[in-house]
1. Order of B:Trp10, B:Trp83 from fewest to most other C-beta atoms within 10 Å?
2. Net charge near A:Asp5: determine it from the other residues with C-beta under 12 Å of the C-beta of A:Asp5, scoring Lys and Arg +1 and Asp and Glu -1.
3. At what distance in nm do the modelled label points of B:Leu172 and A:Ser96 sit from each other, each positioned 7 Å from its Cα along Cα→Cβ?
4. When the helices in chain B are scored as -39500 (n - 2.57) per DSSP H run of 4 or longer and the sum is shared across all residues, what 222 nm value do you end up with, to the nearest 500 deg cm²/dmol?
5. What are the ³J(HN,Hα) values, in whole Hz, obtained from phi via the Karplus relation 6.51 cos²θ - 1.76 cosθ + 1.60 with θ = phi - 60°, for each residue of the stretch B:50-65 in sequence order, with x given for Gly and Pro?
6. What does DSSP give for chain A in terms of the percent of beta bridges that are antiparallel, rounded to the nearest 5?
7. If you take every DSSP beta bridge fully contained in the protein assembly as shown, what fraction is antiparallel? Give it as a percent rounded to 5.
8. What is the stretch B:3-234 by shape, rounded, prolate or oblate, if you read a ≥ b ≥ c off the alpha carbon gyration tensor as root eigenvalues and call it rounded for a/c under 1.5, prolate for a/b larger than b/c, and oblate otherwise?
Amino acid sequence: MLVVDHVTKLYGGIVALSNVTLQVSERELVGIIGPNGAGKTTLLNVITGVMPPGIPRRPDGGKIFFKGVDISSWPAWKIARLGIGRTFQAVRCFQSLTVFDNLYLGLWIQKNEKEKKRKITELLEFFQLKEIANAPIARLPVGTQRIIEIARTVINEPKLLLLDEPFAGIVGSDCYKIIALVHQLNKEHNMTIMVVEHRLQELFNCVNRVIVMHEGRVIAEGLANEVISNPAVKIAYLGESDVSVGS
Amino acid sequence: MRRFWGLKQWPWIVRMGFIALLYLLIYFGRPYFKSFVFSLAMFATLSMAWNLVGGFLGYVSFGHVMFWGIGAYVTAILLKLGWSLPLALLSGGIVSMTVAVIIGMSTLKLSGVYFAIGTLAAAEGLKILAAYLKNITGGGGGFYLPPVLDLQTCALLMCTVCAAFYVVLCYLSNSKYGKLIQAIRDDEQAAVALGIHVFQVRLRVFLLSALFAGLAGGFYMINTSFINPATAFDISITVRMLVMTLLGGIGTADGPIIGTTFYMIISELLWVRFPEIHKIMLGILLVIMVLFARGGIIDLARRVKVHVSS
């Protein structure tokens, strides 16, 4: 479904991604881990075309294919309409709007107003946000905003969902809710999902395959236990000491 | 009945009352008041046009006067060519929009200070062009037009255009499209990631702003019968749009009208009482406003209301 083919991305003189190649199959659940500065978020940025201001959206080398279509030079809005949705590392809800309006804008590109209302009501119930539907986002805690951001992205039912640290700032039952949602979206809606995350326990509960990045390169990939026992990963990401899953 | 007279209705009663007062002044006031109402309606329209881009989109334009100037020139030229008044006025707005497409295509991709400089450069460029095209614009000497309308009719029409623009802005700020504009101002990248064509939305807003600024320029030309490049592309008019919007409350539908009314009344009062130093006093007043009421009069009123109710 998604092919990242020898992609390189430079931020000025800094190499953020170096010759990254990976493939994600349809309906797959993939996790991406790596220490800070490994290039995880840059990878999501390059795939979606959403770059920080002043940085060109195109990769400096290589190509990205989604369902066989080369999207390397496509503008971000067009990529999103093709069916690639994403969330951000720092929560990015529309602060001056209400919860309802945020979800409504998630469905902006759809035309059927009745269908939009039905979907919003369904999602508000699923996330137990009904009571705060008309509350301004700015007054809500970051954890709740994170859930709204995820809800706003999945409401449009993208074919490929990219979640950038979805568990950051979220505690307790909300974590399980996100894990349950990821599985539900994957199984019932056939969504392909890539999750970038630092919290390994939650990530390994979510995904089947893990890709490890370090200094802009993919250094390992495989099942969670295989990856964790990989010596290169221990050195790059976990340090020299042995760390077990869930610790 | 009680519900109708509830607090929620008062802002609309005040708005309707204000518009009625302006029309009464046009019909029954002395020429001074007619002229005052014309200027008020024209600057309110310009401030609303600036606010659409500066407040709603978050793009501070330093060259917005160019759309007003283009509207004035196009209306004047077409009237001299024998076009009918409504067609000449409308064409002024449409040509302003066309120029806005060209300028917007290049500057709306910029952000922050680069957009401000881009629009300023465009206005200055057009000023030079207007001075250079002597055969069409009359050059630096200016363009004269025989009187077309009397002051009362002119003020009445300007006031109606201003009211119409206000209704459009109210509708826009409460509509779904208004929420979309707000969302883009809040976080452009998040909007793009949802598949929203941000540039297209921005360009549409920019065009609407240019249309009404162009119409205001056309009415100015009809009222004064003279325009020259120095006036048509005068940066101080852009600055006035900006100040009036900031005074009232940037990013709100009511802000520009409140700010323009406040600015013009205070300015007139100071001019009558202190003719030699009225601009200095106005400047001091504006500095005080900026220091203590950054959100403008609307925000100040809101804060006072909260303070009183608590």
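1. Fewest-to-most Cβ neighbours within 10 Å comes out as B:Trp10, B:Trp83.
2. Residues near A:Asp5 contribute 0 overall.
3. So the two model labels end up 1.3 nm from each other.
4. Result for chain B, helices only: -25500 deg cm²/dmol.
5. For the stretch B:50-65, the Karplus-derived couplings read 5, 4, 4, 7, x, x, 6, 8, x, 10, 7, 9, 9, x, 5, 4 Hz, x marking Gly and Pro.
6. Close to 55 percent.
7. Once the DSSP bridges in the protein assembly as shown are tallied, antiparallel ones form about 60 percent.
8. oblate
Throughout, read-outs are computed from the coordinates displayed, never taken from laboratory work. The structure displayed is predicted, hence computed values, not measured ones. Virtual Cβ from ideal backbone geometry, glycine too; neighbours counted across all protein chains shown.
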